[in-house]
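Read-outs: derived from the displayed coordinates by stated rules, not from any lab. Computed from a prediction, not measured in an experiment: that's the story for all the values here. Here the Cβ positions follow ideal geometry from the backbone for every residue, glycine too, while neighbour counts run over all protein chains shown.
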Amino acid sequence: MRSDFPFFRANPDIVYLDSAATSQKPQCVIDSMVDFMTKRNSNVGRSLYPISSEASALVAEAREKAARFINAKPEEIIFTEGTTQALNMVAASVCGTDAKGNIVITRMEHSSNHAPWLEACRRNGIELRLADVDADGILRAEAVTELIDDETIAVSVTGMSNVTGQVTDIGAICSHARRMGALSVVDAAQLVVHNTVDVRTIGCDFLAFSGHKIYGPMGTGVLFASGDSIGRLKPLTVGGGSVERDYSPKTGIHGFEAGTRNIAAIVALGQTFDYLKSNRNAIKNIEDDLSGYLFEKLSVIDGIRMITKSPSQICSFTTGLLGCYDIGAMLGKFGICIRTGSCCAYSLMDALGVQGVCRASVGPYNTKEEIDIFTERLSWVLRRCGGFR
């Protein structure tokens, strides 16, 4: 599938192992953005001339594709700038000034699913509870559900850790939250690109993900708000397109999409869902193969502490004698791109007793030869600069 991604033709000497931060984009997605801006560039929902109507139809089509992607209804899909904006909207909405009780999150969370809840709880005097991970950094569903009581307002958890690659048992957590009368929120930024997601099976009230991690454009995202729960949402911004003539908020999803969105990118996001639908099985097979190979190759390198405990598309590690930033900088000199640092998961870093990690993450455009190059160069760096023989 590598030939689908023009980035690698432009950068033939780069080994890109940072897809968990952002994925590369297939040519069809790039073409979709260019085509819109070249032939159909106009605003949507405001005019009745033909190209504006066509643009509006393309956005509606993208919404339908997003809904099918996670087994939702189009009227449950809100376009956002990404996961961060979506989770901020949910946190600000459910932690209003009249809210009383507690919010449950976990130490596994990315800052985008920690900071919004922390800030909202601080402002409104709401208790924030953190479910702990075990000594290996693994989150058990029981650690979350035991913190939920009849005063819990919402439970918000990651579907897949951006550090360890662990897939969380979100179905069990959301089911328990519903029984206890609490809202359930899923950060699916990493989950949706590697796993089939069905919001009906999960049973969540809200679910958020970003376009740029699923081979789509940056600055796009999706917030699923179930028909039963969308009434709990309040818009982060208001303005053109989101209010009625008397300035009251529009009902339904359009009340949350104020102003002019990045329409070309939303249309291209629709093309992204088509690409994923056509290639889902191929992507899974390639990534499963590469994940096992990457885990195996890293596990036998002297001096490495594996943070990821089983094969995953996301594989993190630390070393005893060389800092993660040093490793990242030196590998970068060889054209090898990995993520280094806290990965925006400060609470998890504290739980693991580390300042940061090195994280390699694969996509369907990677090869075993690239993993060989990465691990050989990593071994060289550790021998040369880390004191390993």
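Some values worked out for this structure:
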read-out	value
Any chance THR97 is exposed (fewer than 14 other Cβ atoms within 10 Å of the Cβ), hydroxyl-bearing (Ser, Thr, Tyr) and under 28 Å from GLU76 (Cβ atoms)	yes
Qualifying positions in the stretch 195-253 - among the basic types (Lys, Arg), surrounded by fewer than 17 Cβ atoms within 10 Å (Cβ to Cβ) and either over 21 Å from VAL167 (Cβ atoms) or touching a Gly at 6+ places or on another chain (Cβ under 6 Å) (or both)	LYS234, ARG245, LYS250
Whichever residue in the stretch 152-166 is touching a residue at least 60 places away in the same chain (Cβ under 8 Å) and not in a strand (DSSP E or B) and, among such residues, is nearest to ASP205 (Cα to Cα)	SER161
Sole exception among (1) in contact with a helix residue (DSSP H, G or I) (Cβ under 7 Å, 6 or more places away or on another chain); (2) farther than 30 Å from HIS194 by Cβ for MET1, by number	(2)
The stretch 328-376, subset in a strand (DSSP E or B) and of a type in the set (Lys, Arg), residue farthest from ILE14 (Cα to Cα)	ARG359
Filter result for the condition that a residue is in contact with a His (Cβ under 7 Å, 6 or more places away or on another chain), crowded, with 23+ Cβ neighbours inside 10 Å and outside any helix (DSSP H, G or I), over ILE105, ILE78	ILE105
Options SER56, SER112, SER47, SER3; residue that is polar (S, T, N, Q), out of contact with any Pro (no Cβ under 8 Å at 6 or more places or on another chain) and not in a helix (DSSP H, G or I)	SER47
